[in-house]
Amino acid sequence: FHPDAGRHLEFDPAVLSAKKLAVVRRHGFDRLSFGIQTLDADVNLAHNRGPQSRKLLTKRFEELRAEGIDDPNCDVLLGLAGTTPEQMLGEMEELLRDFRPGGVHAFLVTPTTDYVDGHFDGDREAFWAHLKRFTEDCVPLLPELGKKHGYQTIQGRGHAIIMRRPGQYRPGRAYTPMSYLQRAPVHVLAFGPSARGSIFGSLGYQTVRDGEDWVYVG
């Protein structure tokens, strides 16, 4: 690693472990982020997220803090099929109150053709009507929700809304391998289905489906 390099890691809570985390920490990674998306186990299963329970999240937070990481970032998705604005507000309050992450990044779902076909029977109007409820009934309430639990709420880039804990949350770069968005060279090692990575000036790649397998192309 370059001595000035930031060492950040994004992970799926279902595949991390205390043993893997110890390895990550030995190599100097201290900025960690993980995608919760929703606390609803059934919705996560319907979106290929695997078994992710509140018990598992509690364990992950305990492991992170045992390794001295008190400000992990969590991502949630607003507009997932099978969720409601009221439900997601309740879940975000639970995250802020019970887990006290450094920050919560709330993203509005970006529809792909496959997503609309798979969850809304191909009806884009139905999808946008569903998402509209979140933009009208959830997003405007986030600043007050954050304030209630001591978090600041700001508009991030694109469709991100950021709730951060003052004094402990360290703002970082956006999750993207695109250097023009980072305004600096960036190297992202990405693993797993649909992941995008880049070695600045040399390589860009993404994992894509090839029949039943996932392969790297670049």
All positions within the range 95-117 that are surrounded by fewer than 14 Cβ atoms within 10 Å (Cβ to Cβ), in a helix (DSSP H, G or I) and of a type outside the set (Asp, Glu): ARG97, THR113
The lone exception for MET88 - which of (1) over 14 Å from the mean Cα position of the chain (by Cα); (2) without any contact (Cβ under 8 Å) to a residue 40 or more places away in the chain it fails: (2)
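Within the bounds of the range 39-55, is there any residue that is of a type in the set (Ser, Thr, Tyr), surrounded by 13 or more Cβ atoms within 10 Å (Cβ to Cβ) and in contact (Cβ under 8 Å) with a residue 60 or more places away in the chain?
For the range 39-55, residues of a type in the set (Ser, Thr, Tyr), surrounded by 13 or more Cβ atoms within 10 Å (Cβ to Cβ) and in contact (Cβ under 8 Å) with a residue 60 or more places away in the chain: absent.
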Conditions (1) among the β-branched types (Val, Ile, Thr); (2) more than 19 Å from PHE107 (Cβ to Cβ); (3) not in a helix (DSSP H, G or I): number failed by VAL76: (2)
Odd one out for LEU9 among (1) touching a residue at least 40 places away in the same chain (Cβ under 8 Å); (2) not in a helix (DSSP H, G or I): (1)
Residues (basic (Lys, Arg) and more than 19 Å from the chain's Cα centre (by Cα)) located in the range 137-167: LYS147, LYS148
Residue check, THR83 within 22 Å of GLN52 (Cβ to Cβ), polar (S, T, N, Q) and surrounded by fewer than 18 Cβ atoms within 10 Å (Cβ to Cβ): no
Any hit, the range 129-136, residues being among the charged types (D, E, K, R), surrounded by 13 or more Cβ atoms within 10 Å (Cβ to Cβ) and either over 16 Å from the mean Cα position of the chain (by Cα) or more than 25 Å from ASN73 (Cβ to Cβ) (or both): yes
Any hit, the range 56-72, residues being open to solvent by less than 20 Å² (accessible area, probe 1.4 Å), under 24 Å from SER194 (Cβ atoms) and out of contact with any Pro (no Cβ under 8 Å at 6 or more places or on another chain): no
Residue in the range 18-30 that is at pLDDT below 90 and among the acidic types (Asp, Glu) present: yes
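The values are calculated or read from the model by the stated rules, or taken from the named source; none is laboratory data. Everything numeric here is computed off the predicted structure, so don't read it as measured data. Positions of Cβ are generated from backbone atoms using ideal geometry, with glycine treated the same way; all protein chains shown enter the neighbour counts. When the accessible area is computed, the model is the full protein with side chains, heavy atoms only, and any ligands, DNA or RNA have been set aside. Shrake-Rupley method; radii C 1.70, N 1.55, O 1.52, S 1.80 Å.
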